[in-house]
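Engineer: The structure's right below; bear with me while I get my questions together.
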Amino acid sequence: LETRAVSLIEAAADAEALETARVEFLGRKGSLANIGKDMGKMAPEDRARVGKLLNAVKQNLESRYESRKAAFERAALDARLGGEWLDLTMPAPGARPGSLHPLTLIQKELEELFTSLGFAVVDGPEVETPWHNFDALNIPPSHPARDAQDTFWLEDTLLLRTHTSPVQVRAMEKFGAPLRIIAPGRVFRNEEVDASHEHTFYQLEGMMIDRDVSVAHMLYFMKSLLTAIFKKDVEVRLRPGFFPFVEPGFELDIQCLICGGPGCPVCKQSGWVELLPCGLVHPNVLRSGGIDPDEWSGFAFGLGLTRLVMMRYGIDDIRHLASGDLRFLQQF
Ligand code: PHE
């Protein structure tokens, strides 16, 4: 019996086989226990002899069992530690370098271009007065743009600016003529959001006031602007456009550069994108800014920065821009 038990214990392939062997020989109903039970029927001298023998076998088996069990436990622990091993001396993956948002990239590029042409970069508040956003820009009180459907009104007296044009007024008030400014910034409209519309987007306003500024000057600057942005000649189309703060007013369209066919969210398949409304500053606007229209004239434009970014980088959904999605942002 002892020989068979020893060989089973020593040969057990895993903790489970070892346990089976323990139950068979050392368990409460195992072989040794059964022999122990039979001892009561033995003669006293036999009982002492068998008892001694039984104890020796039991000790032998128990100690072999314990050492095998310990070996299995050590092996299991080693396996776990091996799997969880972490090399603390390995160099860290390293900080991922950040990148500028595509809107910031284009804004910086345009700021550089215009400062090289003698323009100052100025700023205005995003929360505006109706005077700066509408009245001073010759937009009459009845104009539909003032409607709550288009404008976010904060209180009766304040609103989120619907364009960067109020910065024209603030710049005239502050600096007078002559004047060359650009004003990049965030604007807000009460729009239903979809692939090509956001309630929040970016424009870059431009204004130049000097003596005898004409449409020819305006066109020169607009063309320099587009060549700088697209690094090539892009086809443009000039249409008459109406904005109360310019006269004459124009819509400068450029050929859609991302239009790959049906469903283009930027140009809606027309092939042209309204990018650059512009015109000569209306005399009423000059007057509102404290500048004499008999002495000075100027042009102004309102570049759609968000749309420009989408065209320049072939972004097909405006919602990517504010998504905060690193997979999107890391491409720039
Ligand atoms: N402010 C106008 C808009 O947001 C754009 C514009 C600016 C038009 C300057 C003409 C001159 O639509």
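The values are calculated or read from the model by the stated rules, or taken from the named source; none is laboratory data. Predicted model only: the values in this text are computed from it and were never measured. Note: ideal-geometry Cβ built from the backbone for every residue, glycine included; neighbour counts use all protein chains shown.
Engineer: Do we find that GLY98 is more than 14 Å from the ligand (Cβ to nearest atom) and on the phi > 0 side of the Ramachandran plot in this structure?
Structural biologist: no
Engineer: Just to verify a result, which residue in the stretch 295-313, among those that are in a strand (DSSP E or B) and either without any contact (Cβ under 8 Å) to a residue 12 or more places away in the chain or touching an Asp or Glu at 6+ places or on another chain (Cβ under 9 Å) (or both), is farthest from the ligand (Cβ to nearest atom)?
Structural biologist: Looking at the filtered set, the residue picked out is SER297.
Engineer: Which condition number in (1) in a loop (DSSP other than H, G, I, E, B); (2) at pLDDT 80 or above is the one that PRO277 fails?
Structural biologist: (1)
Matching residues to (1) among the acidic types (Asp, Glu); (2) closer than 23 Å to GLU274 by Cβ; (3) part of a strand (DSSP E or B); (4) free of Cβ contacts under 8 Å to residues at least 24 places away in the same chain:
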| position | (1), (2), (3), (4) |
| --- | --- |
| VAL167 | no, yes, no, no |
| PHE201 | no, yes, yes, no |
| MET207 | no, yes, yes, no |
| VAL213 | no, no, no, no |
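Engineer: Which condition does SER196 not pass, out of (1) touching a Cys at 6+ places or on another chain (Cβ under 7 Å); (2) at pLDDT below 95, if it passes all the others?
Structural biologist: Failed condition: (1).
Engineer: Give the residues of the stretch 191-208 that are over 21 Å from ASP147 (Cβ atoms) and within 13 Å of the ligand (Cβ to nearest atom), sorted by residue number.
Structural biologist: If the condition is that a residue be over 21 Å from ASP147 (Cβ atoms) and within 13 Å of the ligand (Cβ to nearest atom), then TYR202, LEU204, GLU205, GLY206, MET207, MET208 are the ones that fit.
Engineer: A further question on this structure: In the stretch 139-169, what residues are more than 12 Å from the ligand (Cβ to nearest atom), buried (at least 20 other Cβ atoms within 10 Å of the Cβ) and basic (Lys, Arg)?
Structural biologist: If the condition is that a residue be more than 12 Å from the ligand (Cβ to nearest atom), buried (at least 20 other Cβ atoms within 10 Å of the Cβ) and basic (Lys, Arg), then no residue fits.
Engineer: I would also like to ask the following. Where the second residue is part of a loop (DSSP other than H, G, I, E, B) and the first is of a type in the set (A, V, I, L, M, F, W, C) and lies in the stretch 19-30, which pairs have Cβ atoms under 9 Å and are six or more apart or on separate chains?
Structural biologist: As it stands, the answer is ALA21/ALA12; VAL23/LYS29; VAL23/GLY30; PHE25/LEU1, since those pairs meet every condition given.
Engineer: Read through the list (1) surrounded by fewer than 20 Cβ atoms within 10 Å (Cβ to Cβ); (2) away from the ligand (no atom under 14 Å from the Cβ); (3) part of a strand (DSSP E or B); (4) not acidic (Asp, Glu), then give the number of the only condition that ILE254 fails.
Structural biologist: Single failed check for ILE254: (1).
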